[in-house]
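What follows is one structure encoded as structure tokens, with my remarks underneath.
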Amino acid sequence: MAKRKVAAAKPKKIAKRIVKKSAVRAVTNRPAQMKADPKVTAPHNEGRPELPPPSTKPWGAEGKALEGVRILDFTHVQAGPTCTQLLAYMGADCIKVERPGSGDITRGQLRDVKGADSLYFTMLNGNKRSITIDSKHPKGKEILERLIKHCDVLVENFGPGTLDRMGLTWEYIHKTNPRMIVASVKGFGPGPYEDCKVYENVAQCAGGAASTTGFREGPPLVTGAQIGDSGTGLHLAFGIVSALYQRMRTGRGQRVLCAMQDGVLNLARVKLRDQQRLTHGPLTEYSQHGEGIPFGKAVPRAGNDSGGGQPGWILKCKGWETDPDAYTYFITQAPIWGAICDLIGKPEWKSDPDYATPPARLPRLRHIFNTIEEWTKTKTKFEVMEICNKHDIPVGPILSMKEVAEEPSLRATGTVVEVDHPTRGKYLTVGNPVKMSDSITEVRRSPLLGEHTEEILITELGYSAEEFAAIKSSGAITPSEKKETEAA
Ligand code: CAO
């Protein structure tokens, strides 16, 4: 008992210490941490000396999962930065290389505070350091060579061929640092479109998501969730961590490529499943089937039909007339059908052969959901959630972004985090969506352009103060006057 008390008290102290230490460099946030499992804190190798000894530190104080991994972050816009921000949340040291003067184009895009980095940039580049280097300047190339030797992973999402044009070919990088992993996002993999530049919605369309999203009678639709950019960044992070793991065995780096089309298709795989099912007969769980509308050759758009075997739909809730988000998702899962019937005042449906079984219900889904909606319209979306959950009925309120931003439980877990920024003030960002029991995530603000150039060149790459002054005046790390005048 006493032992547990000590174990519980220590992480708090450590957490305080970490926050204090990092506050020197940037404004930090209280770490989001999973609670220690008392069963696991007990020594796990008792009587089994072949296992590694248990940690001497309390849970959450063993540092971070990717501590010691150095990332040469050549990413911009969204897909690449999503990847490197996740790696940075996990403790990797991310050195973001940016063009002197302008930096990542998103610093100035969708700007809401005059003169300050945009939310587009700040929300995708937390926990990173920024160094400005003109990668085409001879001195810039020399600095990059040192960085390649210094880092473990280079991540980039330039247009096809851009890295090669900078002279940073795979052959050159591999020769310079055979341990380096080179990870890229491109729009398409090898094939007819490999040279194309790609943005989010192009990937959603080419990956099969748009053709299967929206209502049957309407045009293809893109989703708000950035499955092309952020989704591919997430895939790339997985590839990088896997390559780091393999490097422990081989000692060698490798190339990692994630095409946005592939990433989207991976997320839309249930629709490729349905495409193949279609060759064996109609997709009976699609409401179109119940409505007697024949299927064509390709998977159709299915509105708000549930993607799985349990029919679902979005239903109006109390206040829908004025509140565009007063809706709930409602799933008529077969095992709790009886509870649904009782709740909506249709107990007779439990034994009625037209409603009692899932196959009998399929042709009547529209009518069933209309009837359920008569009930949901009498309750707020939160009341529906509360009532249905008591009966194990899966429902979900349609939360607006305002509601998400203000949701206390998301703040408490560190999924939505407020950080302070020297030029724009406080802003919300999305913290680490992956929670680990022994790796704390502290969310730090995004860096100012070139904020860490001097620190990295002198402290880490070994340039003397005189050399640094010479590099500065060479134009390799500062915007040239000509470019500045042009920009003005
Ligand atoms: N110093 C000097 N030059 C630099 C530099 C630096 N630090 N950083 C970038 N540049 C230069 C590049 O060398 C390149 O010049 P060249 O074309 O003369 O070789 C130029 O800046 C821009 O490169 P780009 O093609 O990557 O950028 P773009 O704005 O024309 O295209 C995008 C943007 C996103 C369409 C393209 O990068 C792309 O297709 N990327 C791959 C797919 C992708 O990630 N898409 C997602 C985008 S949203 O997340």
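Quick note: the coordinates plus some simple rules give every number you see, no bench work behind them. Keep in mind the model is a prediction, meaning the values are calculated, not measured. All Cβ positions, even for glycine, are placed from backbone atoms using ideal geometry, and neighbour counts span all protein chains on display.
Here are the numbers for the structure shown:
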| read-out | value |
| --- | --- |
| Candidates per GluC sites (Glu not before Pro) in segment 65-156, loop by DSSP, up to 15 other Cβ within 10 Å | Glu67 |
| DSSP beta bridge pairing in the chain, given as percent antiparallel to the nearest 5 | 35 percent |
| Globularity ratio of segment 351-444, using Cα Rg and 2.2 N^0.38 Å | 1.67 |
| Across Lys128/Lys402; Lys57/Lys128; Lys64/Lys128; Lys96/Lys402; Lys271/Lys297, pairs whose alpha-carbon gap is larger than 23 Å | Lys128/Lys402; Lys57/Lys128; Lys96/Lys402 |
| Assigned charges on the beta-carbon of Lys, Arg, Asp, Glu; the chain dipole about Cα centre (debye) | 1440 debye |
| Kyte-Doolittle mean at least -0.5 and Cα axial length at least 27 Å: DSSP H helices in the chain | 230-250 |
| Normalised convex hull volume, the chain, alpha-carbon set, Å³ per residue | 220 Å³ |
| Relative contact order (%) - the chain, alpha-carbon pairs under 8 angstrom, separation at least six | 21 percent |
| Local electrostatic count, Gly189, Cβ distance below 14 Å [Lys/Arg +1, Asp/Glu -1] | -1 |
| Hydrodynamic radius by Kirkwood, which averages 1/r over all alpha carbon pairs of segment 82-129, in angstrom | 11.3 Å |
